[in-house]
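Some notes on the structure that comes next.
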Amino acid sequence: MKNVLTGTLLFLAACNNPAKEKLSANAERLKAVMEETDRTWSFKPLIGMLAEDVRFKSTIPGGTPISGEFRGKEAVSRYFNVILQDVAVFKQQVPMEFIDAGNRVIILGDDAYTLKKTGETYRSPYASVFTFEDGLISDILIIQDLSGIWNAYRKDL
């Protein structure tokens, strides 16, 4: 399913932005911030790009600390700076690809994550969809197989 969704996102983005076009200002800023975040594991620059009423969701099922929807800049900041940090450490495995799709920027990547709870490491590709309104990120959707995290926490349910 995730490969179909990722393929669909790629196709739609390619239709909206031929590879020859330069990235928009939003996409350029996001690219710089995400590359810096990957190098430093600091989310402060990304938090600075969020709208006050931002929404964040990943495709992991319920029952983990990172499940569900996080609403508002404070909640999303807490997700990145506290909750995610307590669950796993993520490391990019291939350079991220940035696709400009109008008011959306899609990031395709592949990372490994090591669970703090078990020490196990998993690897999976992902697609992140960032929606911009008035130059700020209003919505973030992470599409990734995070079953390693879910399996570690479902035992606690």
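The values are calculated or read from the model by the stated rules, or taken from the named source; none is laboratory data. This is a predicted model, so every value here is computed, not measured. Cβ atoms come from the backbone with ideal geometry, glycine included; neighbour counts cover every protein chain shown. Surface accessibility is based on the protein's heavy atoms, side chains included, excluding ligands, DNA and RNA. Shrake-Rupley method; radii C 1.70, N 1.55, O 1.52, S 1.80 Å.
The criterion of being within 25 Å of residue 51 (Cβ to Cβ) and either of a type in the set (Gly, Ala, Ser) or part of a loop (DSSP other than H, G, I, E, B) (or both) holds for residue 127.
How many residues are within 14 Å of the chain's Cα centre (by Cα) and open to solvent by less than 60 Å² (accessible area, probe 1.4 Å) if we restrict to the stretch 89-101? Total meeting the criteria: 5. Among the residues of the stretch 136-147, how many are surrounded by 16 or more Cβ atoms within 10 Å (Cβ to Cβ) and either charged (D, E, K, R) or within 13 Å of residue 67 (Cα to Cα) (or both)? Summing the residues that are surrounded by 16 or more Cβ atoms within 10 Å (Cβ to Cβ) and either charged (D, E, K, R) or within 13 Å of residue 67 (Cα to Cα) (or both) in the stretch 136-147 gives 7. Looking only at residues of the stretch 49-84 that are in a strand (DSSP E or B), among the acidic types (Asp, Glu) and without any contact (Cβ under 8 Å) to a residue 40 or more places away in the chain, we find that the one that is surrounded by the most Cβ atoms within 10 Å (Cβ to Cβ) is 69. If you go through the stretch 108-131 and pick out every residue that is open to solvent by 10 Å² or more (accessible area, probe 1.4 Å) and more than 12 Å from the chain's Cα centre (by Cα), you end up with 10. Remark: pairs (first residue in the stretch 30-41, open to solvent by less than 50 Å² (accessible area, probe 1.4 Å); second residue part of a helix (DSSP H, G or I) and of a type in the set (Lys, Arg); Cβ separation under 9 Å; 6+ apart in sequence or on different chains) = 37/44.
On the basis of being farther than 20 Å from residue 53 by Cα, among the charged types (D, E, K, R) and in a strand (DSSP E or B), does residue 111 make the cut?
Details: farther than 20 Å from residue 53 by Cα: yes; among the charged types (D, E, K, R): yes; in a strand (DSSP E or B): yes.
Against the criterion (farther than 20 Å from residue 53 by Cα, among the charged types (D, E, K, R) and in a strand (DSSP E or B)), residue 111 qualifies.
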